[in-house]
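What follows is a single structure, written as structure tokens, with notes after it.
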Amino acid sequence: MRGNVLVTAVRAGGCLALVLVSLQLAGRMDLAPYAAMGCFTSLYARDETYARRVRLLALVGVGLTVAVAAGASASALGVGVWAPILVVAAVASGARYLSDVVALGAPAGLMFVFAAGVAGYAPQTWPEVGVRAGVTAAAAGLCWAAAVVGALAHPRAPERLALARALHAVADHLEDPSGRGVDRAEEAVRAAWRVLHARERGEGTCGSEVLAARAQGAIRGGGSVVERARRAAELRELARRVRRRRVRRRRVVDPLVEEGERVRLSAYADRVRAGARPVGDRPWGRAWGAWVVRVAVASLAAGGVAWLWGSDHG
């Protein structure tokens, strides 16, 4: 698999397996769903730099713990189904708002709503609320540690992987005569720029930005089928070089271009960086909008319809 898709999947599965084995040894497999909620932390920030990943995953872990605690508390109140419905709607709107503010990325607020719903529509008692939230927090902490420990060995891995994925996506587009892959290629290049711009420019980023500029220029490039295939092969070889072990040790990417082309692409990379919006949190006031209200109303409506149909969950 390209990028770090397989690594992320293995990391998430390994963390969940470790938590489940621990619960089995402790004789508390009834807490497995809440441990799984905490392990949702592994699903986020896959393509972020380590510095931003540390902050985002900590926020996700806290958010999932709060969602479980809120849902379990609503159930423990024992006042009927409307308490969990209201809590899930509040979590849904709050998660949408938070996702917009911090540019959380997929799966955005979905897992927070799922966590609140699992805890809210299951029978709960007050003594167990803290236990369930604690298990969620512990699982989230484990996933956080597993996701950021790689910075000790390969601090630039997220940038390299995002760039390699962009080079492969552009190569796929060049080899497809139908042109259907242009949107995916452009999105992959935008993602690479975003990750590269999250770090201050230095020796390790200049070559990467030149490669990103080369990939972006190749998207709209014309030429015959043979010429496009040749450029695609060059981009795939560059992607392989970006990912290979020797580059990891040097932490510098060689764009392998002539000096004249390097100057031209560097100038373009300078313009892109100068015009890029800073990567990170958005101002709090700008995130509020009609979508947040719509999510809350839709959640309340869905919960109400489920209740009217006699369902015991929303």
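In a solvent-free Debye calculation with one equal scatterer on each Cα, what is log10 I(q)/I(0) for the range 60-216 at q = 0.08, 0.10, 0.14, 0.16 Å⁻¹, listed in the order of the q values? Each listed q maps to, in turn, -0.38, -0.55, -0.82, -0.91.
Counting trypsin sites (Lys or Arg not before Pro) as exposed when in a DSSP loop with at most 16 other beta carbons within 10 Å, what is the longest stretch of the chain free of them? Answer - 29-179. Normalising by residue count, the range 83-176 has a Cα convex hull of 149 Å³ per residue.
Our compactness index for the range 1-100, the C-alpha radius of gyration over the empirical 2.2 N^0.38 Å, is 1.25. The range 140-222 has equivalent-ellipsoid semi-axes of 28, 16, 9 Å, by the square roots of 5 times the alpha carbon gyration tensor eigenvalues, sorted largest first. For the range 1-70 versus the range 157-219, the inter-centroid distance based on Cα atoms is 28 Å.
For the range 5-54, the convex hull drawn through the C-alpha positions has a volume of 70 cubic angstrom per residue.
Please list log₁₀ I(q)/I(0) at q = 0.14, 0.19 Å⁻¹ for the range 192-238, using the Debye equation with identical point scatterers on the alpha-carbon positions. Results for the range 192-238 at q = 0.14, 0.19 Å⁻¹ read -0.41, -0.66. The figure for Thr125 is an accessible area of roughly 80 square angstrom, using a 1.4 Å probe on the protein chains alone. Measuring max minus min along each principal axis, the C-alpha atoms of the range 92-147 give extents of 36, 28, 14 Å (largest first). Within the chain, the percentage of alpha carbon pairs spaced more than 35 angstrom apart rounds to 33%. Compared with the dominant Cα axis of the chain, that is its longest principal axis, helix 290-308 is turned about 40°.
Give me the percent relative contact order of the chain, please, defined on Cα pairs under 8 angstrom at least 6 residues apart. The normalised contact order for the chain reaches 23 percent.
Accessible surface of the chain, 1.4 Å probe: 63 percent of it comes from carbon and sulfur atoms.
The values are calculated or read from the model by the stated rules, or taken from the named source; none is laboratory data. Given the structure is predicted, the values throughout are model-derived calculations rather than measurements. Virtual Cβ from ideal backbone geometry, glycine too; neighbours counted across all protein chains shown. Side chains included, ligands, DNA and RNA excluded: accessible areas come from the protein's heavy atoms. Shrake-Rupley method; radii C 1.70, N 1.55, O 1.52, S 1.80 Å.
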